[in-house]
Amino acid sequence: MHLHRPVLMLVAIAQAFPLTAAQPVRARRAMVVTREDHATRAGAAVLRSGGNAVDAAVCVAFVLAVTHPSAGNLGGGGFLLARLPGGRSTFIDFREKAPAGASHDMYLDAGGRPTADSLVGWRAAGVPGTVRGLELAHRRYGHKPWAELLQPAILLAKSGFPVPYSLAVSLRADEKLPKFAESRRIFLHDGQYLKPGDLLIQPELAQTLERIARLGAAGFYEGETAQRLAQAMRAHGGMITAEDLRNYQAVERKPLEGSYRGYTILTAPPPSSGGVVLLEMLGILENSGYEREGAGSAAAIHYAAEAMRRAYADRSQFLGDPDFVQVPVARLLSREHIARWRASVDPYRATPSARIRPGAAVPVSAASTTHFSIADAEGTLVSLTYTINGNFGSGVTVPGLGFLLNNEMDDFAAKPGFPNNFGLVQGEANAIQPGKRPLSCMTPTIVLHGNRPLLVLGSPGGARIINAVLEVILNVIDFGMNVQDAVNFPRFHHQWRPDQLDVEPGISPDTIRLLEQRGHRIRKLKPFCEVAAIAFGDGWLEGAPDPRVEATAEGY
Ligand code: GLY
């Protein structure tokens, strides 16, 4: 990239005097960063005892299914991005699928209006992919015995763990869990709400995990677990059948690869929109000089928000499951397309979203997804994001099985052109079809400098995920922050529709005024997204858990 002299100076100063308000967790050989401390410690123990990062990821994912039930899961799906010691990278897609009985208009009422069925209850769930995905990753790239990796999760489910503050608060606040008897019994203790520090014991979940430990994914997609799930679905008007479960396959895909200022970006291909949108935004920002006025300046936020607006507009129309629709990835990431978008940005004035593409506006709600990042001593890197979509998914716990089901069907366009729960407007490319995967924003990402890793990162946060990942990358590469500062730094978010710029606390009132003067409609939000990142440099691994939540990092 061509840098103007003052920009060069700024970058040089930033690198010589990096902002170091916060310190990451440093270690020499290996690192695990997750949302929850039992999971972090279990993952680090796997690495210490000779497992690789894929083994640790399998272990962490099962532990989070126990200790972080609002997002960690057996009943959802996700993506695992890995870079292997020889330099090859891979992407395991275990996104949920629409059941065979699903149809284009299944969530519309007689008047053609979207209903809440895609969000709450038995009909909201897609066919879960997590267990199949973890098994595929382990079979291809893991070393340790499968059953051993499930032991920490089984123990925590059987013996219980002290409920952290945030879980106690979110259990009490959730509106879906009280609607379903088994969820009410297990997670709400029939109204005797768990207080922080109380033990949450989950014997049914322990038994489900034991079947998976013994039989592999067959212990979930066949036999007792599958039978109970299919039976409960039939009894409650749900769609998932025993055949849907048996037929579910995770797939290995080629990660999406792009570049930014000489760094290589490995990220999520469709059916995630994350990688395409991330690379479009980076493309629009590269060579723009947007960073000139510094991190957190109104000028930099404005420009980045304009890049977000444009890339999310493309998302709404062109992206969907590549097994069902032609996704024009090459065209969206072409030099010409990105140059046109960049040329359309006015550095002093917000472009109204209506002038980019028409749509409708609704509020954006919370998501329940979680991300963790792992690096082992041999050089394997894992960036894994998985989800049950909304907080506590559909709210449904399958009787006798102990796990919550996702409400991922809402990630489809229930009515193309109308916004979903995240306010995302999406097109026919993401309409419901049997067996199709809903479009996702999950963006597990790895950044390399030459052959050397620079960052492993990702985040939950629904529509905001892609921007949280973008901002951490920019904070490190363009603003010279250490990874912990980059994660901590106040975030902002634009998604084209609704035409508003969301800002976190910490973005100053005068910056907000300057943004308003440029034409942005500002919405002040509570902190959002939880990035889990690892950075590499000077012989150290730096783990950056997000202080917005009770995340932790451990290395050795
Ligand atoms: N359910 C959130 C996402 O996949 O983007």
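The values are calculated or read from the model by the stated rules, or taken from the named source; none is laboratory data. Because the structure is a prediction, the values reported are computed rather than measured. Backbone-built Cβ (ideal geometry, glycine too); neighbour counts: all protein chains shown. The protein model used for the area step is the full one, side chains on, heavy atoms only, and it has no ligands, DNA or RNA in it. Shrake-Rupley method; radii C 1.70, N 1.55, O 1.52, S 1.80 Å.
Looking at region 368-400, which of the residues that are among the small types (Gly, Ala, Ser) and open to solvent by less than 10 Å² (accessible area, probe 1.4 Å) is farthest from the ligand (Cβ to nearest atom)?
Only one residue fits best here, namely Ala375.
Out of curiosity, is Gly450 closer than 22 Å to Ala82 by Cα, open to solvent by 10 Å² or more (accessible area, probe 1.4 Å) and within 16 Å of the ligand (Cβ to nearest atom)? Show your work before the answer.
Numbers: closer than 22 Å to Ala82 by Cα: yes; open to solvent by 10 Å² or more (accessible area, probe 1.4 Å): yes; within 16 Å of the ligand (Cβ to nearest atom): no.
Taking the combined requirement at face value, the residue does not satisfy it.
So which residues in region 307-340 are more than 19 Å from Gln426 (Cα to Cα) and crowded, with 22+ Cβ neighbours inside 10 Å?
Ile338
Within region 68-82, can you find the residues that are of a type outside the set (Gly, Ala, Ser) and either over 18 Å from the mean Cα position of the chain (by Cα) or part of a loop (DSSP other than H, G, I, E, B) (or both)?
Filtering region 68-82 for residues of a type outside the set (Gly, Ala, Ser) gives 68-69, 73-74, 79-81.
Matches in region 68-82: His68, Pro69, Asn73, Leu74.
Just the residues that are more than 16 Å from Leu384 (Cβ to Cβ), within 16 Å of the ligand (Cβ to nearest atom) and of a type in the set (A, V, I, L, M), please, taken from region 428-447.
Those that are more than 16 Å from Leu384 (Cβ to Cβ), within 16 Å of the ligand (Cβ to nearest atom) and of a type in the set (A, V, I, L, M): Ala429, Ile432, Leu439.
I'd like to check something: does region 471-491 contain any residue that is over 30 Å from Ala27 (Cβ atoms) and in contact with a Lys or Arg (Cβ under 7 Å, 6 or more places away or on another chain)? Walk me through how you get there before you give the answer.
Going through region 471-491, the residues over 30 Å from Ala27 (Cβ atoms) turn out to be none.
No; the residues of region 471-491 include none that is over 30 Å from Ala27 (Cβ atoms) and in contact with a Lys or Arg (Cβ under 7 Å, 6 or more places away or on another chain).
Keeping to region 489-535, report how many residues are surrounded by fewer than 16 Cβ atoms within 10 Å (Cβ to Cβ), part of a loop (DSSP other than H, G, I, E, B) and in contact with a strand residue (DSSP E or B) (Cβ under 6 Å, 6 or more places away or on another chain).
Result for region 489-535: 2.
Please find, among Val476, Val472, the residue that is in contact with a helix residue (DSSP H, G or I) (Cβ under 6 Å, 6 or more places away or on another chain), open to solvent by 10 Å² or more (accessible area, probe 1.4 Å) and either away from the ligand (no atom under 16 Å from the Cβ) or of a type in the set (Val, Ile, Thr) (or both). So that I can check it myself, show each step before the final result.
Working: Val472 fails: open to solvent by 10 Å² or more (accessible area, probe 1.4 Å).
So the residue among Val476, Val472 that is in contact with a helix residue (DSSP H, G or I) (Cβ under 6 Å, 6 or more places away or on another chain), open to solvent by 10 Å² or more (accessible area, probe 1.4 Å) and either away from the ligand (no atom under 16 Å from the Cβ) or of a type in the set (Val, Ile, Thr) (or both) is Val476.
Of all residues in region 256-280, which are within 16 Å of the ligand (Cβ to nearest atom) and not β-branched (Val, Ile, Thr)? It would help to see each step written out before you state the result.
Of region 256-280, the ones within 16 Å of the ligand (Cβ to nearest atom) are 256, 267-278.
Answer for region 256-280, where residues must be within 16 Å of the ligand (Cβ to nearest atom) and not β-branched (Val, Ile, Thr): Leu256, Ala268, Pro269, Pro270, Pro271, Ser272, Ser273, Gly274, Gly275, Leu278.
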